[in-house]
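Asker: Quick one: this structure, given as structure tokens, is what I'll be asking you about.
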Amino acid sequence: MRPPDAHIPGSDQFFYPELTGADQLRQEVFALGYHLHWSWSEAMGLEIGERRAYVRLLSDVLAEQRAEMERANPRR
């Protein structure tokens, strides 16, 4: 995940916006495998829209966890 950067619009998004094609697919499969412990074949077995829906859900959960951590440990 890319750290937020005030100078880059949308920099807190889960994926680098410039990734396309094979690089984006690798990023999606890696995220599902790493965080959900899915195998390559499980991630690739999903329809594209379904896989991306899971990635969006994962991104939302990670963002909420990050926000909870920041609320619990505010920077002074």
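Asker: Restricting to the range 9-35, and then to whatever is under 22 Å from residue 64 (Cβ atoms) and either of a type in the set (Phe, Trp, Tyr) or loosely packed, with under 13 Cβ neighbours inside 10 Å (or both), can you tell me which residue is modelled with the lowest pLDDT?
Answerer: Among residues in the range 9-35 that are under 22 Å from residue 64 (Cβ atoms) and either of a type in the set (Phe, Trp, Tyr) or loosely packed, with under 13 Cβ neighbours inside 10 Å (or both), the one modelled with the lowest pLDDT is 9.
Asker: Would you pick out the residues in the range 36-76 that are within 21 Å of residue 20 (Cα to Cα) and of a type in the set (S, T, N, Q)?
Answerer: 41, 59
Asker: Another question about this same structure. Cβ contacts < 8 Å: first residue free of Cβ contacts under 8 Å to residues at least 24 places away in the same chain and on the phi < 0 side of the Ramachandran plot, restricted to the range 25-53; second residue of a type outside the set (Asp, Glu) and part of a loop (DSSP other than H, G, I, E, B), any location; separation 6+ or different chain. Result?
Answerer: Once the first residue is free of Cβ contacts under 8 Å to residues at least 24 places away in the same chain and on the phi < 0 side of the Ramachandran plot and sits in the range 25-53, its partners that are of a type outside the set (Asp, Glu) and part of a loop (DSSP other than H, G, I, E, B) give 27/15; 27/16; 27/19; 33/39.
The rows are residues; the columns are (1) part of a helix (DSSP H, G or I); (2) of a type outside the set (S, T, N, Q).
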| residue | (1), (2) |
| --- | --- |
| 27 | yes, no |
| 50 | yes, yes |
| 53 | yes, yes |
| 59 | yes, no |
| 67 | yes, yes |
| 71 | yes, yes |
| 75 | no, yes |
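Asker: Exactly one condition in (1) assigned to a helix (DSSP H, G or I); (2) at pLDDT 95 or above is not met by residue 38; state its number.
Answerer: Result: residue 38 fails condition (1) only.
The values are calculated or read from the model by the stated rules, or taken from the named source; none is laboratory data. The structure presented is a predicted model; accordingly, all values stated were derived computationally and were not measured. Using ideal geometry, Cβ is built from the backbone for each residue, glycine included, and neighbour counts are taken over all protein chains shown.
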